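Below you'll find the structure, written out as structure tokens, and then a few comments.
The values are calculated or read from the model by the stated rules, or taken from the named source; none is laboratory data. Because the structure is predicted, anything quoted here is derived from the model rather than measured. FYI the Cβ positions are ideal-geometry reconstructions off the backbone, even for glycines, and counts take in every protein chain you see.
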């Protein structure tokens, strides 16, 4: 509601109204008088306005004074301010039903002295209203000029918040649309009550970006003027921050794209450009690649939003940067660590893979690969490691679906060596009978042997990974021994057969 005007209480304190008498509706004394008009016709519905005070002699209802109760009710429906009338000439006495209606709707009814001219009343009241509105307008311009000056001189959102808090005598804060605190004033007042808080929305480009929260219990018109102007200035400051952030993200995105593609200048140039974008040279970086479950990557999806928030929170704890970047049908996480930080040594954080695994394990449709820690200028190598971790890990293991390059590094070397060394003869000599048997009988003896050796000879763990019964695993191992005459009690033989089964399974899915 527009509160620019005089309350009925303030109006009755004016010297001109010293002989006026409040008859009823005293609970509505804080209603605001914005307009004043004279009524001498019975039909008023079409022109009553919010904040209007009606003056009347009762001439239009002289034959039926009970209509005054209806007039009070119509004022209430229009959110009017008060009814002032001179009863002596046409009404004689004050109708009780009007008094009852006045008390019911909290519409003050004021009895005016017979000799009080209407023109003097309207002139006095409107003069007070106009003067007050002019004062509020001047104050509004002063506040806006002062706050805008702070913004234009790059004093920052904190300086604006502190200044607004002093103007209204209350602590304030700005929160983003998720409720996270952006800034709070240092001003505190003894009259504040933390449980009573009002808030005003702050929008940028017609989008909600945050809220201005005020701790003060009651706000007068000057406070509201300050708050409204402050809301506009905060919107300007947040818009500037948003533009700067969007620009930084675009520059970082282009920079990261160059690094991930392996097209980048010298180490020194990478460090210099990274430093300009807030990326410190002593940070190490891990690349995390997430594939599968394409519907999870849609903008606004629960997975994407929760992952973004988790990375943001963890990076804030570490005082570094973390990024979630869409890349076609997958997501890239660029995760930094402040290597050599004395604070990190005193209060060590979990590795990124340890922090993210509990969340990522909840989503069975995805496959995740982590590269090793590398400096910024080797980001492409970390990206290739993450891709290999996913590619090789998913060929060998059905569970888990989160792999690190360290787990598959030896296998990666073997595959690279396979381009120059012929392993097929060795594999055929050791696994040839099993491979042939699997093809002819549509069985999984090679895969069973791999899981059995990988799990240290555990029938139960092998059964769990292959989703079969423990007795089925035992039968298959016995069958493998019959076909190949393998001595699985010999550690050298176990290593050889494990390497051969790994190499075969990886190459089989190429």
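Return the pairs, sorted by first residue and then second, in which the second residue is assigned to a loop (DSSP other than H, G, I, E, B), the first residue lies in the range 435-461 and is surrounded by fewer than 16 Cβ atoms within 10 Å (Cβ to Cβ), the beta carbons are less than 8 Å apart, and the residues are 6+ apart or on different chains. Partner pairs satisfying both residue conditions: 457/488. Return a yes/no flag: does the range 34-45 have any residue that is closer than 19 Å to residue 124 by Cβ, touching a helix residue (DSSP H, G or I) at 6+ places or on another chain (Cβ under 8 Å) and in a loop (DSSP other than H, G, I, E, B). Among the residues of the range 34-45, at least one is closer than 19 Å to residue 124 by Cβ, touching a helix residue (DSSP H, G or I) at 6+ places or on another chain (Cβ under 8 Å) and in a loop (DSSP other than H, G, I, E, B), which makes the answer yes. Under the condition of being in contact with a helix residue (DSSP H, G or I) (Cβ under 6 Å, 6 or more places away or on another chain) and at pLDDT 90 or above, the residues counted in the range 360-375 number 6. Before we move on, is residue 383 at pLDDT 80 or above and in contact with a strand residue (DSSP E or B) (Cβ under 6 Å, 6 or more places away or on another chain)? Criteria met by residue 383.
Could you go through the range 75-87 and let me know if any residue there is over 25 Å from residue 131 (Cα atoms) and modelled with pLDDT under 80. Yes: the range 75-87 contains one or more residues that are over 25 Å from residue 131 (Cα atoms) and modelled with pLDDT under 80. Screening 99, 72 for residues that are out of contact with any helix residue (DSSP H, G or I) (no Cβ under 7 Å at 6 or more places or on another chain) and more than 18 Å from residue 6 (Cβ to Cβ) leaves exactly one candidate, 99. When residues in the range 91-104 are screened for being out of contact with any strand residue (DSSP E or B) (no Cβ under 8 Å at 6 or more places or on another chain) and surrounded by 17 or more Cβ atoms within 10 Å (Cβ to Cβ), 2 of them pass. Out of 275, 240, one residue alone is more than 17 Å from the chain's Cα centre (by Cα), surrounded by 12 or more Cβ atoms within 10 Å (Cβ to Cβ) and assigned by TED's automatic domain parsing to the domain that holds residue 377. It is 275. Counting only residues that are closer than 23 Å to residue 27 by Cβ and either in contact with a strand residue (DSSP E or B) (Cβ under 7 Å, 6 or more places away or on another chain) or in a helix (DSSP H, G or I) (or both), the range 105-120 holds 7 of them. Could you tell me whether any residue of the range 182-196 is at negative phi, modelled with pLDDT of 75 or more, in the same structural domain as residue 219 (by TED's automatic domain parsing) and surrounded by fewer than 16 Cβ atoms within 10 Å (Cβ to Cβ)? No: the range 182-196 contains no residue that is at negative phi, modelled with pLDDT of 75 or more, in the same structural domain as residue 219 (by TED's automatic domain parsing) and surrounded by fewer than 16 Cβ atoms within 10 Å (Cβ to Cβ).
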